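The structure under discussion appears below in the form of structure tokens.
The values are calculated or read from the model by the stated rules, or taken from the named source; none is laboratory data. All values derive from a computational prediction rather than experimental measurement. Virtual Cβ from ideal backbone geometry, glycine too; neighbours counted across all protein chains shown.
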Amino acid sequence: MALFSNLTDKINHVFSKLANRGALTELEIKDAMREVRRALLEADVNISVAKDFVNKVTQKAVGEEILKSLTPGQQVIKIVNEELIELMGSTQSKLGVSPKLPTIIMMCGLQGAGKTTMCGKLAMYLQKQGKKVLLCADDIYRPAAIKQLEIVAQKAKAGFFQMGQIDPTKIAKEGVKYAEKNGYDTVIIDTAGRLHIDQQLMDELKSIKKAVNVFETLLVVDSMVGQDAVNVAKTFDEQLDISGVIMTKLDGDTRGGATLSIKAITGKPIKFCGIGEKMEDLEPFHPDRMASRILGMGDVLTLIEKAQTAISEEDALKMARKMKEASFDLNDYLEQFENVAKMGDINQLVSMFPGAGKLKLGEQKIDEKQMQRNKAIILSMTKEERSNPRILNYSRRKRIAKGCGLDVSDVNKLIKQYETARDLMKRMMKTKKLPF
Amino acid sequence: MGFFQKIIDGLRKTKQQIGFKLNELFKRGIFDEDFYDDLECILLSSDIGEDTTVDIIDELRERMRKDRVSDAKKANEYLRQVMADILGDEAFEFSTPCVIMVAGVNGVGKTTTIGKLANIFVKQGKSVVIAAADTFRAAAGEQLEVWANRAKVRIIKHEEGSDPAAVVFDAVSSAKSRGTDIVLVDTAGRLHNKKNLMEELKKIDRVVDREWPQADRKNLIVLDATTGQNAIQQVDVFNEAIDIDGIVLTKLDGTAKGGVVLQIKHDMDIPVYFVGVGEGIDDLLQFDAQSYIEGII
């Protein structure tokens, strides 16, 4: 969709009109900042937050030396990205443990944010850490909400407590008593979705919070929310003094600018992200990933950084030359495996590419074991075979298979993969540039 | 912390700005760059989106210049007119029998909307059957059953996890044999970027076309008014899958304005038919552009 084309491209375009020079001046970055503001608004960052952010970054960027290795556009993006990450805080996906057990966690938020599902995910997550979790059904309004939580509890193999549709404060109190009696060390209270301007219902939450000594008050927010995120988060925080935020539905294609707005307005940490409908689909919050997502850049920046540290420039040059000459052989292929291994988990790496979410790749996970096997196959070849794969006839392949303890079909598969990769590179060198 | 405080202060300002709204802005009677900047701010904070905001402002400038408007009251009317021209005013019309499918992403209020729609149609003297085709979310069927009882309409329901197309098939067969006017199809919430789920939706759509070609067809998408710019992608992708006729904008009783619908009408020509303004069964209203505009600015 052309609607949100890449911010890097846009900013590069702004700077392409200018000659490259030593330091950034205010006049030059003004146009770039307009694009940044636009990107933030398209990502649903609140207008006031976006304005302040842009002002701050402008101040910071003026006079900044442009690093030799970067274009002015990249330099601006780098500053913007760093500021965004800093603003969004650190990875704080920890939940506190109350000195007096059970630890009581209260979930709150607007209707349809995903509280009930999130209760199950948190229960699952905490139980994996050895906690014993009770889910307490305190949504007495929405039809079948109690039933939904019961099913969610079953799926997460957590305890479940309900008293039907009576006073939510009483349910919470009894729920905690039940937890104490039955050896649960954590209680998660699922409350009804409510509008932040519904004072009566907000008072109900305050009453629950007071009655049972809630330790963590978590605001659950749909990541697709727009400008109103600030009003919602501000009111919930003012009324309930929330301890953290969970963003849901991040498996969609929303840019999630609300995350920045909420963090800016409440100063409270974003703790987790919901990334799917299964009980396991819970992820700690990564400010860097969120920053690039808001800017619409995938995790290109992180990827570049990782690649830079793992592969020396010399290696990269050699590889580029080989690609150009299309003399990419199995030695190089092996080297690539090793480089990728240096960069870390390959699945994580793939997910960093912009648009990778849409690719099939994300679903059919790349198997690290398979990579190990592939390495073993290449290592079982002679030097000559590696640099001249064309000579690999059947008897050679059979010998290689024996050498690495795999089948000939595995060897064939690897060679096929290598050929595909080689052709892909040839094609890539013909079309102008690499994606980053 | 200094930065946060600034934003909070800034927001207070914005809030006051929206509080005294455009009237105050227009009362100044000076239509200079500051005026347009403030106006832009107000429109953007209603989720109208940058492109449409710029278009609205350009159009307003143009019309005001042409007619040499300098009177505050008149300028105010001009702005409302520009926005009303974008939104249009289309009533939701259909012929019976009709199958109305309700789709959307998770948590926007589809099930609640179905209940309220059933109530509206019953009050118009139509007979309604609901197809509980959200067989995925835990307890979705139970939730819908409560609404069906409230609206006093029939419901066709299968077990959780069963094939939604089969539920729709049964509902359509039942409506055909009983001469029911309207089949309301509740579908599972699905994020629009989940390909297989969108395919499932297409399948349901095809089943209806195949089983009841004589029936009128309407596909509605439910949008949560708190949703920001992502709503555009939602409508775009759902529209590609099942041809969306119109929008139900829910949760307008909060502080969110759902201004993104202007952009959707502007870009894709898909109108808003209904707005949800509360949790009661009567809290679904026919969309009225004039009062909606009053509400957002």
Within the stretch B:84-104, how many residues are in contact with a strand residue (DSSP E or B) (Cβ under 6 Å, 6 or more places away or on another chain), under 20 Å from residue B:269 (Cβ atoms) and part of a loop (DSSP other than H, G, I, E, B)? 3
Considering only residues of the stretch A:20-72 that are at pLDDT 80 or above and not in a helix (DSSP H, G or I), which is farthest from the other protein chains (Cβ to nearest Cβ)? A:62
Residue hits (the stretch B:32-78; under 18 Å from residue B:292 (Cα atoms) and either of a type in the set (A, V, I, L, M) or touching a strand residue (DSSP E or B) at 6+ places or on another chain (Cβ under 7 Å) (or both)) are B:39, B:42, B:43, B:44, B:48, B:56
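On the basis of being in a helix (DSSP H, G or I) and surrounded by fewer than 22 Cβ atoms within 10 Å (Cβ to Cβ), does residue B:77 make the cut?
Numbers: in a helix (DSSP H, G or I): yes; surrounded by fewer than 22 Cβ atoms within 10 Å (Cβ to Cβ): yes.
When the stated conditions are applied, residue B:77 passes them.
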Of all residues in the stretch A:213-251 being over 24 Å from residue A:187 (Cα atoms), out of contact with any helix residue (DSSP H, G or I) (no Cβ under 6 Å at 6 or more places or on another chain) and more than 7 Å from chain B (Cβ to nearest Cβ), which is modelled with the lowest pLDDT? A:250
Residues of the stretch A:378-411 being of a type in the set (Ser, Thr, Tyr), assigned to a helix (DSSP H, G or I) and either surrounded by 15 or more Cβ atoms within 10 Å (Cβ to Cβ) or within 43 Å of the chain's Cα centre (by Cα) (or both), which ones? A:387, A:409
Enumeration of residues in the stretch A:260-311 that are under 19 Å from residue A:86 (Cβ atoms), surrounded by fewer than 22 Cβ atoms within 10 Å (Cβ to Cβ) and modelled with pLDDT of 85 or more: A:267, A:268, A:269, A:271, A:284, A:286, A:287
Conditions: (1) modelled with pLDDT of 90 or more; (2) closer than 29 Å to residue B:237 by Cβ; (3) over 25 Å from the mean Cα position of the chain (by Cα). Residue A:102 meets all but one. Number of the miss? (2)
Out of the stretch A:189-213, which residues are more than 30 Å from residue A:254 (Cα to Cα) and buried (at least 19 other Cβ atoms within 10 Å of the Cβ)? A:204, A:208, A:209, A:212
So in the stretch B:105-117, with the set limited to residues that are part of a helix (DSSP H, G or I) and within 14 Å of chain A (Cβ to nearest Cβ), which one is surrounded by the fewest Cβ atoms within 10 Å (Cβ to Cβ)? B:113
From (1) surrounded by fewer than 24 Cβ atoms within 10 Å (Cβ to Cβ); (2) without any contact (Cβ under 8 Å) to a residue 24 or more places away in the chain; (3) among the charged types (D, E, K, R), pick out the condition that doesn't hold for residue A:216. (2)
When the stretch B:280-290 is checked residue by residue, the ones that are surrounded by fewer than 19 Cβ atoms within 10 Å (Cβ to Cβ) and touching a residue at least 40 places away in the same chain (Cβ under 8 Å) are B:281, B:282, B:283, B:286, B:288, B:290
Matching residues in the stretch A:264-282 - criterion: being more than 9 Å from chain B (Cβ to nearest Cβ) and in contact (Cβ under 8 Å) with a residue 60 or more places away in the chain: A:269, A:270, A:271, A:272, A:274, A:279, A:280, A:281, A:282
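State the number of residues belonging to the stretch A:133-158 that are away from every other protein chain (no Cβ under 14 Å) and surrounded by 22 or more Cβ atoms within 10 Å (Cβ to Cβ). Walk me through how you get there before you give the answer.
Initial filter on the stretch A:133-158 (away from every other protein chain (no Cβ under 14 Å)): A:133-134, A:136, A:138, A:157.
From the residues that got through so far, the ones that are surrounded by 22 or more Cβ atoms within 10 Å (Cβ to Cβ) too are A:133-134, A:136, A:138.
Number of matching residues: 4.
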Kindly check whether there is at least one residue in the stretch A:59-69 that is within 25 Å of residue A:227 (Cβ to Cβ) and either among the hydrophobic types (A, V, I, L, M, F, W, C) or crowded, with 22+ Cβ neighbours inside 10 Å (or both). no
Restricting to the stretch A:189-203, what's the tally of residues that are touching a residue at least 12 places away in the same chain (Cβ under 8 Å) and under 15 Å from residue A:237 (Cα atoms)? 5
Considering only the stretch A:177-188, state which residues are touching a Leu at 6+ places or on another chain (Cβ under 8 Å) and either crowded, with 20+ Cβ neighbours inside 10 Å or under 18 Å from residue A:124 (Cα atoms) (or both). A:179, A:184, A:185, A:186, A:187, A:188
